[in-house]
Structures are given as structure tokens and as C-alpha cells.
Amino acid sequence: MFVRLKTVRAGSRAYQYLHIVENRWENGRTQQRIVGSLGRLDELRARGDLDQVIRQLVEHCPGVKLLRAQSEGALAVVSDRVWGPVLVFDRLWEELGLKTWLRQRAAPRRFDFDLERMVFAQVLQRLLEPGSDLRGSKWIATVHEPAFAKLRLPHFYRSLSWLWGKKKALEEALYRQHLDLFNQELDLVFFDTTTTYFEGTSLQGWAKLGKSKDHRPDHLQLVVGVVMRQDGFPVCCEIWPGNTSDLKTLRPVVEALKTRFQIRKVVLVCDRGMVSAANLKDLEQAGFEYIVGMKMRNLVEVRDEVLGRAGRYQVVSERLQVKEVQVEDRRYVVCYNPEEAKKDRHDREALLEKLRTKLASGGVKALINNRGYKRYLKVARGGAELDAAAGRREERYDGKYVLRTTTALPAAEVAEAYKQLTWIERLWRELKDVVEMRPIFHWRKRDNVKGHIFTCFLALYLAALLKRKMKDAKVEAQWDEVIRDLSSLRAVTVELGGERYLMRSPTAGCAGRVLAAVGVKPPPLAQPL
């Protein structure tokens, strides 16, 4: 609906009439209809009727009324809270069915607080303001979600242990939610692990010291593994004591895929840290095919037979060439990147030159203890010298990596599938940075810790879904940019003449496009409370 000024000519004179007009969709096209006529513009102005009508209309239009009051400095701000991320992630939360699912499961327990909103608040905190539960109980007061007002710190703790008890059922529900996106006949799943550490020692005996990917070996930690689909959606997460090696994490993951998710035909892609004879045997016994990266220097078969085998490479692209090597019943794919080969050669020559300089200046002991240098040294009693043959041996590895697979996929597709693992690992690192599950502060209950980690899994799921929708809508923006622009959309409660109104700030940056990508219409600029 809008105002139209229509000019009517009567002889030599022209008169302007003010009409209220609306657009209507009729018979497949837009039609305009005059809703009402306010009269001749010159007469309305002469009598002062136009000003009076506008003033009266403003009284029924909170947005204009408040903007005018704001310009006059007559507004009293009661609160100012973050709104944009709530609108987006709550829509995704509901789309995934989490709101209904959690409420139905929580109903028999008759919690004295809104458990579903509590879980959503914790997941939202992981995405926007990661920190402890104590910090979260204060943070929720800065977010515009009326239901958060009744949540308190004890509710954080009580919800976590309950949530962990529902972990498996919820993972399976989310998997079924997107089953149409997952081809059970043949698809790829990727497995990776990380570590998360604790502040304090209260969980000693369960959490363990181990090889820390956070570079905090002095802290108790857990190993967290996540299975992800090739579209970036997580399938499930598992938790082990902090001294568990990557080699021991694969079997329970394989069992979960087979028994819990009934996936019968799948290709598991994982890096060389997961490769052992026992793991590969477990995969084969479970009926799963695999594509795994192999260690080139430490495995004799790979180093001598696979890399030593002559054969022509098939050119897949400028940065990828492949060739197959069969050793008895084991199929390998050797991948070669000419650009990486040049880089590896340049880096090695620079390292050797630096090593020559250091050898000439002494300090042999420090060189021997350096893994990068030790490979190129001949160590003898009384000193060390450069091993010229070592440099030549290293040439065979330039720009190469070796894969082992049980699939019948063409070599080029095997290589491309493994390259996706690099993308998944990068996405996994990005998402871990988003949710910041580490460090975990001084909780005494194991299920609370596990529930905390599972909220991070749910945050990963929401982040992956938002990235998917942004990609579909062709919205290109970095994650920190998305969160910043969404957070700039704020809910401001103001008071005017004894009445309270809710105003929203304008959308800025990519916020409007992100809202549209998830199907959220921005709230009115102002509305009475």
C-alpha cells in the first residue's frame, strides 16, 4: 500500500489529488486499486487537514512514532540485546526438529525449567560466546530470547547430564532427518579426531594425560572423534580417555556406522594416523570399503614396491596425476602434484644449504636433535656430516602421497575422494574454532563434561546447516563476518509515554542475505510490547 499523487487537467488548469493505492495480484498479474482518496492536495494543505491526518496516522504507526521520538531525544532505552543470531539459529533448530524432539523427551521428567530452551541456549553460546557455564548463565541476559530470562546456572548443569543420556537417540534422529541427502548405496564418510583439555584435576582417572593437539600436554584431556559426511554434516561423535591413540578409535566408530545407523555400503576415508593392519582388517570384516593414506617412508612395501614401481601417470588436472600399483591383492594409488613437487624440492634445497652453514659453524648436537635436520645427517663418533645420498632418496617423495583402497572406483576418483578429506579436515578445524569446546573448567560429573562436548556437536550441526544454506543461496561471507553482522541486528526495548516498544536495528553487511537464506523475514522495525 502506498500514496499516489494523481494529476487531473480541467481546461487550462491542473489539479493534484492524493490517493491511497494498493497492489493486488489478479489473473496472474499485478493490479492497482484505489483504497481511498484524501482529496485535492492544495485544499488539504490550505485547511491543515494533511498535517492532522499524518499526525493521527503516526499515532497508529509505532515505527514512525518512535523514530520521531528518537530524533527528538525523547526515547528511554530499557535494554539492548543481540537478536539476529537467535532468529537464524532458532529457525535452523526448529527445521531440524530439535525443538519438538527435545520437548517430547523432556516432558516425562517434568523439569521445573524449559529444558529445550536451556539446551538451545548452550548450543547458541558455543556459536556466539564460548565459555564456561557460569559465563553462559550471565551471557544469556545479553540475548533477546524471552524464554532465557528464567534460566539459571543450576539449569545448565542439570540439562547437560540429561542431554548426554539422549545422545545416541538424538544423533540417530538427526541422521534420519537428512537421510534423503545421504546415498546409502555408496557414499563417503570421513573420520577425524581432536583433543580437548581440562583446567583442574578433579576428573583424574577418567581424563588422561596424552599427546595433545592443543599443545597442552601438561593438562588432563579427552580424545574426541567426529564422523562427518562429505557434505560437511556430522554423523556422530565419540569420546575416549586422553591417552587413547588414533589407531584405537576407529573400531567403535565402524561399529556405530554398522549397527546404529545401519549403513551397509559406505567408503570410509581417513588419514594415515588411522592406518594399522588391525584397523584395516576391522573395516573389511565390517563390510566397509576404505580409502586411506599410507605412510611412505616407514612402510617397506609402500617405500620400496609401490613407489619403486615404474609406470605412466594419468593426468587428472594440472595439480593431480595418478597411477595404480597392485601388490598381491592390495590396490594402491600413487598421487603426484607437480606444483607440490617443485615446492618440496625447493624447500629441501633451502634446508640443505642451511644445514651446511650450521655444520660449518659447529653446534652438531643441536642439529642431531632436530628431526628435520637429522634425516640428512651421517652421525659418527666425534661428529656428523652431510649425507649426500639422503637428499637423493628424498626425491622419490616429492609431490607424492600414496593411498590404499578396497574400492573399485577409478584411480582418479579415489584421489579426488581423498582430497575431500583435506576439505573436511579444514572444515572440521574451522568448526572447532567456531564452537571452542576447549578448555573445560573443573566439572566433577563425567556426564556433564560429555554433555558439554555434545552441545559442541549440535553446534557443529547448526553451523554446517547454515553454511549449506548460504552456499545454496550463493551468500559468500566468512564465518566471523556472518556472526558479526547478525549480532549487529539488535532488539532494543524502549519506553515512550509510559508504554514500552520493541525496536530492531537495521540489518547490516550480510545479515539480510543470511536471514533470507534460512527463510527468516526481519521483524518489524518497531512493535508494542
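The values are calculated or read from the model by the stated rules, or taken from the named source; none is laboratory data. Here the structure is a predicted model, which means the values were calculated and not measured. Methodologically, a virtual Cβ is constructed for each residue, glycine included, from the backbone with ideal geometry; neighbour enumeration extends over all protein chains shown. Protein only, heavy atoms only, side chains kept; ligands, DNA and RNA dropped before computing areas. Shrake-Rupley method; radii C 1.70, N 1.55, O 1.52, S 1.80 Å.
Here are some conditions: (1) more than 41 Å from the chain's Cα centre (by Cα); (2) exposed (fewer than 14 other Cβ atoms within 10 Å of the Cβ); (3) modelled with pLDDT under 80. D387 meets all but one. Which one does it not meet? Tallying (1) more than 41 Å from the chain's Cα centre (by Cα); (2) exposed (fewer than 14 other Cβ atoms within 10 Å of the Cβ); (3) modelled with pLDDT under 80, D387 fails exactly one: (2). When restricted to residues that are over 15 Å from T194 (Cβ atoms) and under 23 Å from the mean Cα position of the chain (by Cα), region 251-266 contains 3. Against the test of being within 21 Å of E145 (Cα to Cα), assigned to a strand (DSSP E or B) and touching a residue at least 60 places away in the same chain (Cβ under 8 Å), the options A491, A463, A459 yield a single qualifying residue, A491. Only one of G293, G287 is among the small types (G, A, S) and either in contact with a strand residue (DSSP E or B) (Cβ under 9 Å, 6 or more places away or on another chain) or within 29 Å of A341 (Cα to Cα) (or both). Can you tell me which? The unique qualifying residue is G293. Could you please let me know if T493 is over 23 Å from E94 (Cα atoms), of a type in the set (S, T, Y), open to solvent by less than 40 Å² (accessible area, probe 1.4 Å) and at pLDDT 85 or above? Yes; evaluated as a whole, the condition is true for this residue.
Residue-wise test of (1) open to solvent by 10 Å² or more (accessible area, probe 1.4 Å); (2) free of Cβ contacts under 8 Å to residues at least 60 places away in the same chain.
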| position | (1), (2) |
| --- | --- |
| L222 | no, no |
| F233 | no, no |
| C236 | no, no |
| P241 | yes, yes |
| I263 | no, no |
| A286 | yes, yes |
| M296 | yes, no |
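Considering only region 81-98, state which residues are within 21 Å of E481 (Cα to Cα) and either aliphatic (A, V, I, L, M) or open to solvent by 70 Å² or more (accessible area, probe 1.4 Å) (or both). Within region 81-98, R81, V82, V86, L87, V88, R91, L92 qualify.
Any idea which of V306, V333, V322, V327 is more than 26 Å from V227 (Cα to Cα), in contact (Cβ under 8 Å) with a residue 60 or more places away in the chain and touching a helix residue (DSSP H, G or I) at 6+ places or on another chain (Cβ under 6 Å)? Show your work before the answer.
Details: V306 fails: touching a helix residue (DSSP H, G or I) at 6+ places or on another chain (Cβ under 6 Å); V333 fails: more than 26 Å from V227 (Cα to Cα); V327 fails: in contact (Cβ under 8 Å) with a residue 60 or more places away in the chain.
Residue meeting the stated conditions: V322.
The single condition from (1) among the small types (G, A, S); (2) over 24 Å from the mean Cα position of the chain (by Cα); (3) over 24 Å from V334 (Cβ atoms) that G293 fails is (3).
Please work out if F156 is modelled with pLDDT of 65 or more, in a helix (DSSP H, G or I) and at negative phi. Against the criterion (modelled with pLDDT of 65 or more, in a helix (DSSP H, G or I) and at negative phi), F156 qualifies. Restricting attention to region 99-120, which residues are without any contact (Cβ under 8 Å) to a residue 40 or more places away in the chain and surrounded by fewer than 17 Cβ atoms within 10 Å (Cβ to Cβ)? Within region 99-120, K99, T100, R103, Q104, A107, P108, R110, D112 qualify.
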